[in-house]
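The values are calculated or read from the model by the stated rules, or taken from the named source; none is laboratory data. Keep in mind that what you see is a predicted model, and the values were worked out from it rather than measured. Virtual Cβ from ideal backbone geometry, glycine too; neighbours counted across all protein chains shown.
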Amino acid sequence: MVRHKPSPSFNITSLTVSIPTKKRAPSTTLSRWSTPEFRIYLLIIALAVPWMAWVVIRISLPTHPAYHLFSDRLARGWLFGWPVDNWDAQYRSFRNNVPILAAVAGVHALLTYFVPAQSRLRLNLAFALVFNVALHGTSTLKILAILSLNYALRAQHPSLTWIFNGAMLFANDRCSGYSYASISPTLGWLDDWGGVYPRWYIPFNITMLRLVSFNMDYYAAVSFLTYTTTPKSDSHLPHAYTFPAYITYALFAPLYIAGPIIPFNDFLAQIELQPTRPLTQRQEERPTTLIKPYFIRFIFTLLTMEVLIHTMYVVAIKDARPWEHIAYLPSELALLSFFSLIHVWLKLLIPWRFFRLWSLLAGIDPPENMVRCMANNYSALAFWRAWHRSFNLWIVRYIYIPLGGSHRQLLNSLLIFTFVALWHDLTFRLLAWGWLVSIFLIPEMVAGWVFSTEKFGDRPWYRHLCALGAVLNVLMMMAANLVGFVIGTDGVRYFVEQLVGTKEGLQFLACAVAGLFVGVQVMFEYREEEKRRGIYRRC
């Protein structure tokens, strides 16, 4: 596995963040960028994208008839005096706390820099405990109790680890974190100090993945098992799986709140760089060569989000549902939904990149969580490899391969997306999302078997047939994610009725399909350009 370093001269593939990929010879296919076909495609995109943005900006303006229905959800902004849509609670909690998080990250980075390498584990253990107490107050005792019980199961059969952690997720959700008073009235005074983030059971979903990772990696070490995705540097002797290392890993401050997720073996290999073990290329690069370009990426995405929430009030509008009172054009509803997905992508991308940047400053290089832009995906299978990538790698390592991998791909996909949905939230909406995603994988799998690249890849019509299939994929992925993360099943049902039940809706749908066809062709060529530079990503 190699990480492709940015070339000295900027090129179009530099827009995508670098991740480790398999080393292969560059492709020799001819570039299509300068052909008449792609010049037309690029012209269409240059005209369509500003129009798409303007449609959503227009329905966000004070002059729009529905403005009064959602204006109470807007806050005072800093950009040219425009109001800001800070209504999304998840992103608001991060955005409002960026200054203090940056200060904490800076202190942690400085301590890491000045503390000797052999003391890094102790430093991170102490910092993690202090950070956790500041976040959750006395609830840190509950977290440590759960962690201790999980540690006691490390040598038992893996099924016990899964049952225990699944039960913890369910109990945490149903009991809202177990108040001390509910355990014993005499302990009620402990509830008085819950820290700055009393709802400790929310980030515990991420912690649960680390608990499973530690136990599975330990069980593999003592049982002499190997996973096909485990790098050679992951090998540790059983005595390395100590309780202090386990607590440090589970509560590691930069990755505690939202990830990215890193396997225990990889974490230990990086935090204890043993001179007797050869370093991988990833560890040799870490972290200084990655920090500057990654910091620039983070600032750019942060400013992009600021422009979006100051000009397109997609969260306020979708939550206020003004279309129930005032008629919206099908194109307005469709593009509102599209930019709502862009907002979802950015609100996840920005915290993940912040916490990964903090982790790099602390000397640990976790996987990149978001590889592609949300609008640069046409394959459902590839999309899930690039969206929350560290979670995907965790699933492949600890669920997909143990279940049999590609030998039972459809059944495994159904089980995995059911787990993913329930892991996110124990609600029917996300369960419906998980099942929809599993169903929407079927057409792509069937098409891949019937029209394989090996059989038809050299035919002139093959690229266009793939583009048509990809358009269908994009529409299905948008529908599934709108159900799961934006407007739910009722909202999608109303949107579809307006799209296919009116003349204007059908006209817009035809234009949207044509536009997506153009976009997919550019996505294809972008990936071909990566291959011409020796970059092969499976997303």
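If you take the residues in the range 147-173 that are free of Cβ contacts under 8 Å to residues at least 24 places away in the same chain and within 26 Å of the chain's Cα centre (by Cα), which one is farthest from Tyr218 (Cα to Cα)?
Only one residue tops the list, namely Ala171.
For the range 362-378, enumerate the residues that are assigned to a loop (DSSP other than H, G, I, E, B) and among the hydrophobic types (A, V, I, L, M, F, W, C). Spell out how you get there, then give the answer.
Residues of the range 362-378 assigned to a loop (DSSP other than H, G, I, E, B): 362-369, 371-378.
Ala362, Ile364, Val371, Cys373, Met374, Ala375 - these are the residues of the range 362-378 that are assigned to a loop (DSSP other than H, G, I, E, B) and among the hydrophobic types (A, V, I, L, M, F, W, C).
Give all pairs with beta carbons closer than 6 Å in which a residue from the range 446-470 that is not assigned by TED's automatic domain parsing to the domain that holds Arg527 meets a residue that is polar (S, T, N, Q) and part of a helix (DSSP H, G or I); count only pairs at least 6 apart in sequence or on separate chains.
Pairs found: none.
Those residues that are of a type in the set (A, V, I, L, M), exposed (fewer than 13 other Cβ atoms within 10 Å of the Cβ) and at pLDDT below 95, I need them from the range 79-109; list them, please.
Passing the criteria: only Ala89.
Within the range 431-475, take every residue that is of a type in the set (S, T, N, Q) and out of contact with any helix residue (DSSP H, G or I) (no Cβ under 7 Å at 6 or more places or on another chain) and give me the one that is farthest from Asn412 (Cα to Cα). Can you show your working first?
Our first condition is that a residue be of a type in the set (S, T, N, Q); within the range 431-475, this holds for 438, 452-453, 473.
If we keep only those that are out of contact with any helix residue (DSSP H, G or I) (no Cβ under 7 Å at 6 or more places or on another chain) too, we end up with 452-453.
Details: Ser452: 22, Thr453: 24 Å.
Ranking the candidates gives Thr453 first.
Can you go through Ser179, Ser93, Ser119, Ser184 and tell me which one is within 26 Å of the chain's Cα centre (by Cα), of a type outside the set (A, V, I, L, M, F, W, C) and more than 29 Å from Tyr398 (Cα to Cα)? Walk me through it before giving the result.
Values: Ser179 fails: within 26 Å of the chain's Cα centre (by Cα); Ser119 fails: within 26 Å of the chain's Cα centre (by Cα); Ser184 fails: within 26 Å of the chain's Cα centre (by Cα).
After applying the criteria, what remains is Ser93.
From the residues in the range 333-368 that are among the polar types (S, T, N, Q) and over 13 Å from Phe298 (Cβ atoms), which one is modelled with the lowest pLDDT?
Let us first name the residues in the range 333-368 that are among the polar types (S, T, N, Q), namely 337, 340, 359.
Right, trim to over 13 Å from Phe298 (Cβ atoms) and you get 337, 340.
On the way: Ser337: 87, Ser340: 90.
Here the residue is Ser337.
Taking the range 410-452, which residues are of a type in the set (Phe, Trp, Tyr), within 20 Å of the chain's Cα centre (by Cα) and at pLDDT below 80?
Filtering the range 410-452 for residues of a type in the set (Phe, Trp, Tyr) gives 417, 419, 423, 428, 433, 435, 440, 449, 451.
Then drop every residue that is not within 20 Å of the chain's Cα centre (by Cα), which leaves 417, 419, 423, 433, 435, 440.
Across the range 410-452, the qualifying residues are Phe417, Trp433, Trp435, Phe440.
Applying the selection to the range 308-328, what residues are part of a helix (DSSP H, G or I), over 21 Å from the mean Cα position of the chain (by Cα) and of a type outside the set (Lys, Arg)? Break it down into steps so the answer makes sense when it comes.
Here is the first cut: in the range 308-328, the ones part of a helix (DSSP H, G or I) are 308-311, 314-320, 322-324.
Cutting the leftovers down to over 21 Å from the mean Cα position of the chain (by Cα) gives us 310-311, 316-320, 322-324.
Residues satisfying the conditions are His310, Thr311, Ala316, Ile317, Asp319, Ala320, Pro322, Trp323, Glu324.
Check the range 135-149 and report whether any residue there is β-branched (Val, Ile, Thr), touching a His at 6+ places or on another chain (Cβ under 9 Å) and more than 30 Å from Val315 (Cα to Cα). Before the answer, list the steps.
Step one: list which residues in the range 135-149 are β-branched (Val, Ile, Thr), which gives 138, 140, 143, 146.
Among the residues that remain, those that are also touching a His at 6+ places or on another chain (Cβ under 9 Å) are: 143.
So of that shortlist, the ones also more than 30 Å from Val315 (Cα to Cα) come out as 143.
Yes, because at least one residue in the range 135-149 is β-branched (Val, Ile, Thr), touching a His at 6+ places or on another chain (Cβ under 9 Å) and more than 30 Å from Val315 (Cα to Cα).
For a quick check of your reading: which helices (runs of 4 or more DSSP H) sit entirely within the range 430-539 and have at least 1 residues that are closer than 29 Å to Thr16 by Cα and not acidic (Asp, Glu)?
Values: elements: 453-456, 462-485, 488-500, 503-532.
It comes to 453-456, 462-485, 503-532.
Could you please give the count of residues in the range 505-523 that are surrounded by 16 or more Cβ atoms within 10 Å (Cβ to Cβ) and of a type outside the set (Val, Ile, Thr)? Outline the logic, then answer.
Of the residues in the range 505-523, the ones surrounded by 16 or more Cβ atoms within 10 Å (Cβ to Cβ) are 505, 508-509, 512, 515-523.
Next, only the ones that are of a type outside the set (Val, Ile, Thr) stay: 505, 508-509, 512, 515-517, 519, 521, 523.
Residues flagged as surrounded by 16 or more Cβ atoms within 10 Å (Cβ to Cβ) and of a type outside the set (Val, Ile, Thr) within the range 505-523 amount to 10.
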